[in-house]
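The values are calculated or read from the model by the stated rules, or taken from the named source; none is laboratory data. Note that the coordinates shown come from a computational prediction; the quantities given were computed from them, not determined experimentally. Neighbour counts run over all protein chains shown; Cβ positions are idealised from the backbone, glycine included. Areas reflect the complete protein model, heavy atoms only, side chains present, ligands, DNA and RNA absent. Shrake-Rupley method; radii C 1.70, N 1.55, O 1.52, S 1.80 Å.
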Amino acid sequence: MFFRMLRQSFFRGWRRKALATATIVLSASLITALMNISIDVGDKMSREMKSYGANINVVPKSEAIPLEIGGVDYNPLKDRAFINEADLPRIKEIFWHNNIVGFAPFLKTGVVISGKEKKRINLIGTWFDRQVPISGDDEYRTGIKLVSPYWQVRGEWPNEQGAQNGMPGEVLAGALLARELNLKAGDQITVRTGDKAPREENFVVKGILTTGGAEEKALVASLATVQRLAGLAGKVQSVSVSALTVPEDRLSRKARHSSDSLDSAEYDRWYCTAYVSSVSLQIEEAIPNVTSRPIWQVAAGEGAVVNKIQLLMIVVTIAAFIASGLGISSLTVTTIMERAREIGLMKALGAADWEVYLLFLSESAVVGVVGGLLGCVAGAGLSQIIGLSIFGSTVSFSPIVIPVNIAVSVLIALSGSLMPSRLITKLYPAEVLHGRR
Amino acid sequence: MAKKIVLETKGLTKRFGSVTPLDSINMQVREGEWVAIMGPSGSGKTTMLNLLSCLDAPSAGEYILDGVATATLTEKQRVAVRREKIGLIFQQFHLVPYLTALENVMLAQYYHSMIDSKDAEQALAHVGLGHRTGHLPSQLSGGEQQRVCIARALINQPAIILADEPTGNLDEANEEVVLDLFKGLHREGRTIILVTHNPELAEFSDRVVRLQHGRVVHDESAH
Ligand SMILES: Nc1ncnc2c1ncn2[C@@H]1O[C@H](COP(=O)(O)OP(=O)(O)OP(=O)(O)O)[C@@H](O)[C@H]1O
Ligand SMILES: [Mg+2]
């Protein structure tokens, strides 16, 4: 009979429930959207923050202290340690390979441009955007465009292979260098290496490069080109890695201090968490004779921003919770007033207070479940809209949101109607049943 | 042989602050008796019925219903007395709007003991609504709604039936139908206390109690 009453109350009085359900749907969709986004935001934000550059730098272990004067490298290349280009795909094969967004190798050599022999400049070789064979992913592409999305080219990017078919090789001219030497896209230049056995090669400037960094004073060409000019086939000097990492916490700070200070359980936990430090270590383990260093400013900044955004989301969620609880509360008061006679009648027929409570709270719970479900659907849509308008990409829907949201909705509905339900106790059938019409 | 006393009050009094709508009522009602309570508006009829139906507790005096002294019971215990011993009929019918006629009758069964739809259908048939069991209150006329209430009041075999102006909201034709039902109940030997303004309704009762300013001013057999 109880369920019959509950059912009939809904089927025949759904209009009365509609407003309460709508309240729950509103808050539930907001909570769904925020939860969805805050689960995804760490990832989304980290990717977003990747536009500020790589967060791990990999160099040869025995890297000599670079002899740089005015930003130009005077170290003779032949004495130095290198990383083998062939080892690089291993970066994408570590335990946290899914967190490796991209990486780009660098090889620098000092050159002069014919006609401007007084000025010695760097020629930087890197990958722009090329396919890298990774076990398990044939389509993987990486390069400087991915690692440093803030690199801007006026004109075109050079090709990846360097000179071919008798055509001159292609380079980018840094913006400052271009201004100083009056270079424009389309200009032909001749570049000479400054070694004892100099080599000379013609290039066409494909574009002018703006980075906000030292590259603006240099020429940038494909890695293959620089390797050939420097006579260092298959070698690179450093690799910038862009990895998705979790914010630093107590454990990672302890590990940063010294990884020996961790006990074995702590070490396992640290190693199996995508901290920038543990990802770094794994890269060191994957490639022989390299040192892998987190770029701390970038890593720490990312974590802090993500934490703050998530905190903000939690605050908004709690506000939505309270607001809809209050909404339900006032709706319940209205309902109890409207249904005073019904309540009085039940009591007159011998219903105990708790039996009336049970009916009303059950109705609220059903409103919570229905509202929560509808809210999940609406919230999934809402989070896509938010995702598209803020991050320019869809937000993945986490299934965990559904049970959590329904539980929260029921909780809102119940807690909202719990207080007003006390009115039921105060309702005397003698007063409501003999009302004059 | 005198029938057993179902209901007895001794000095039953109700006060609301300085107002005393009911002042020292002494009354006995025997099994199978049909008592009409009459009096001008504000004389305390409804107040009295509320006390007799255990919807309200008296300020003073005693009230023994079917052998149970109820004056000093707690609200919880009064709920139990209502459930077990009393059938209530109101001027405004008071049916649950989203339950059918049948379900409204079953509601009384549910709070009393357990539901039995066969029994509830029979009770509705008894008041001439055997064909309307699936209708909602809004689909029934006032007279039909009141008949559902009567069926509901009877369903648990109460010791006493209390009605407050049951025909107050009805037209003459429906009043007639309801009056006939009360006559039938009386013939079956039910104990009935009925508050009414209508002398016609009182005419068929065994006894008329007149109230004025909360006191019994007249109590005698109608015939
Ligand atoms: N809860 C209350 N608080 C204060 N006064 C009350 C209360 N209930 C009833 N009274 C007063 O008690 C008196 C009797 O009221 P009651 O409702 O019993 O009259 P009645 O005989 O049923 O009148 P009617 O024929 O109009 O229904 C009235 O003066 C009324 O104002
Ligand atoms: Mg009255």
query = Can you name the number of the only condition in (1) part of a strand (DSSP E or B); (2) buried (at least 19 other Cβ atoms within 10 Å of the Cβ); (3) touching a residue at least 60 places away in the same chain (Cβ under 8 Å) that residue B:63 fails?
reply = (3)
query = Residues of region B:141-176 being crowded, with 20+ Cβ neighbours inside 10 Å and assigned to a loop (DSSP other than H, G, I, E, B), which ones?
reply = B:155, B:156, B:158, B:165, B:166, B:167, B:170
task = Those residues that are within 12 Å of chain A (Cβ to nearest Cβ), within 16 Å of ligand 2 (Cβ to nearest atom) and out of contact with any Gly (no Cβ under 8 Å at 6 or more places or on another chain), I need them from region B:32-71; list them, please.
result = B:41, B:42, B:46, B:48, B:49, B:50, B:51, B:52, B:53, B:55, B:56
message = Of the conditions (1) more than 21 Å from residue A:328 (Cβ to Cβ); (2) at pLDDT 85 or above, residue A:38 satisfies every one except a single condition; which number is it?
response = (2)
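Right, residue A:281: in the same structural domain as residue A:124 (by TED's automatic domain parsing), in a helix (DSSP H, G or I) and farther than 30 Å from residue A:197 by Cβ or not? Can you show your working first?
On the way: in the same structural domain as residue A:124 (by TED's automatic domain parsing): yes; in a helix (DSSP H, G or I): yes; farther than 30 Å from residue A:197 by Cβ: yes.
When the stated conditions are applied, residue A:281 passes them.
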request  = Kindly indicate whether residue B:99 is in a loop (DSSP other than H, G, I, E, B), open to solvent by less than 60 Å² (accessible area, probe 1.4 Å) and not β-branched (Val, Ile, Thr).
outcome  = yes
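Can you find a residue in region B:1-13 that is within 14 Å of another protein chain (Cβ to nearest Cβ) and either closer than 24 Å to residue A:353 by Cα or part of a strand (DSSP E or B) (or both)? Talk me through it step by step, then tell me what you get.
Of the residues in region B:1-13, the ones within 14 Å of another protein chain (Cβ to nearest Cβ) are none.
Within region B:1-13, none of the residues are within 14 Å of another protein chain (Cβ to nearest Cβ) and either closer than 24 Å to residue A:353 by Cα or part of a strand (DSSP E or B) (or both).
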ask   = List the pairs whose first member sits in region A:236-252 and is closer than 30 Å to residue A:80 by Cβ, whose second member is among the basic types (Lys, Arg) and assigned to a helix (DSSP H, G or I), and whose Cβ atoms are under 6 Å apart, counting only residues at least 6 apart or on separate chains?
value = A:242/A:50
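Scan region B:191-219 for residues that are part of a strand (DSSP E or B) and more than 15 Å from ligand 2 (Cβ to nearest atom) and jot them down.
Step one: list which residues in region B:191-219 are part of a strand (DSSP E or B), which gives B:192-195, B:207-212, B:215-219.
Residues satisfying the conditions are B:192, B:207, B:208, B:215, B:216, B:217, B:218, B:219.
Could you list, in sequence order, the residues of region B:202-223 that are more than 14 Å from ligand 1 (Cβ to nearest atom) and either at positive phi or out of contact with any Asp or Glu (no Cβ under 8 Å at 6 or more places or on another chain) (or both)? Can you show your working first?
Our first condition is that a residue be more than 14 Å from ligand 1 (Cβ to nearest atom); within region B:202-223, this holds for B:203-208, B:218-223.
Listed by number, the residues that qualify are B:203, B:204, B:205, B:218, B:219, B:220.
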request  = For region A:339-363, name all the residues that are more than 10 Å from chain B (Cβ to nearest Cβ), open to solvent by 20 Å² or more (accessible area, probe 1.4 Å) and in contact (Cβ under 8 Å) with a residue 12 or more places away in the chain.
outcome  = A:357, A:358, A:361, A:362
message = Looking only at region B:12-45, how many residues end up being under 24 Å from residue B:206 (Cβ atoms) and surrounded by fewer than 15 Cβ atoms within 10 Å (Cβ to Cβ)?
response = 3
